[in-house]
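The values are calculated or read from the model by the stated rules, or taken from the named source; none is laboratory data. Nothing here was measured: the structure is a model prediction, and the numbers come from that model. No Cβ is skipped: glycine too gets one built from the backbone with ideal geometry, and neighbour counts run over all protein chains shown. We work out accessible area using only protein heavy atoms, side chains counted, and drop any ligands, DNA or RNA first. Shrake-Rupley method; radii C 1.70, N 1.55, O 1.52, S 1.80 Å.
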Amino acid sequence: MRSILIILFFMLSFVSAKSQKWQPGNFTDVKGNRTTGFINVYPGGKGPIKDEGFIEFKEDEKANPYKLSASDITSFVAGKDSFVVAHPPRNETWTKEETDFVNVVLDAPLKLYMAKGGKGGGGKGVRFSPGVSAGYGSGGYGGGLGGGLGISLGGGNGGGGGSSKTTFYYGENAVDLKRITDENFEDIMVEIMGDEPDVVDKIKEHKYNLRSIGKLIDYFNAVQHAHNQPAKQ
């Protein structure tokens, strides 16, 4: 009986993982047209264009999927998370892909982006596990980012190779990304999170640093969420 239960558990886990592969979402093409359907953010195999990241899209659950290269679109949403097309900053190289997607972690006037992998920076290797908050565990930056997708620290879009290093960038848009470093961490995060004085105070008190940026983002989101709650009657 116990063996049957174990087998059923693994079967259900497999079916659940397979179903979570596709997330409801939408993409915006280079002409500004938005299309809604289902998105697979880590498809296997080769992409349509060399040196570019790609996703899979289908209009409904029964439709045949097709691949969209990074140069076909400007952005996409999968589950609760948003992604934009980006190129590596100057003096950085992203593993394999020179055009890829980065996760918009905080959508403020000065935005916070996240990427993973690459020599000297992020980029290719950004892989997301549906339905899991973006936690980094013992090898990363700490707490989760609270989105509908979670970061997988190994492999690339097709499951192959790449560094597991997670890198954070900032910028008014993804055209001119700049990396967050130990040296600029305080100034940049204060500017991004400037609407929350309590958070700013903790940054200036050095309660957080680049290694604990995940926990800082969690705290910032929690403070904003509390402020957005309706007042009790």
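For region 1-41, a residue qualifies if it is of a type in the set (F, W, Y), at pLDDT 95 or above and open to solvent by 80 Å² or more (accessible area, probe 1.4 Å), but none of them does. P109 meets the conditions (1) outside the structural domain of D187 (by the TED database); (2) modelled with pLDDT of 90 or more; (3) over 13 Å from A174 (Cβ atoms) in every case but one. The failed one is (1). Beta carbons closer than 8 Å, at least 6 apart along the sequence or on distinct chains, pair a first residue in region 52-69 that is among the polar types (S, T, N, Q) and open to solvent by 80 Å² or more (accessible area, probe 1.4 Å) with a second that is assigned to a strand (DSSP E or B) and at pLDDT 95 or above for N64/K58. Count of region 184-209 residues, restricted to those that are more than 21 Å from G171 (Cβ to Cβ) and in a helix (DSSP H, G or I), is 5. Scan region 203-219 for residues that are among the acidic types (D, E) and over 21 Å from the mean Cα position of the chain (by Cα) and the total you get is 1. Residues that are on the phi > 0 side of the Ramachandran plot, at pLDDT below 85, surrounded by 17 or more Cβ atoms within 10 Å (Cβ to Cβ) and touching a Pro at 6+ places or on another chain (Cβ under 7 Å) occur at least once in region 122-138. Restricting attention to region 80-90, does a residue exist that is of a type outside the set (A, V, I, L, M), open to solvent by 60 Å² or more (accessible area, probe 1.4 Å), farther than 21 Å from D176 by Cα and not in a strand (DSSP E or B)? Checked region 80-90: at least one residue is of a type outside the set (A, V, I, L, M), open to solvent by 60 Å² or more (accessible area, probe 1.4 Å), farther than 21 Å from D176 by Cα and not in a strand (DSSP E or B).
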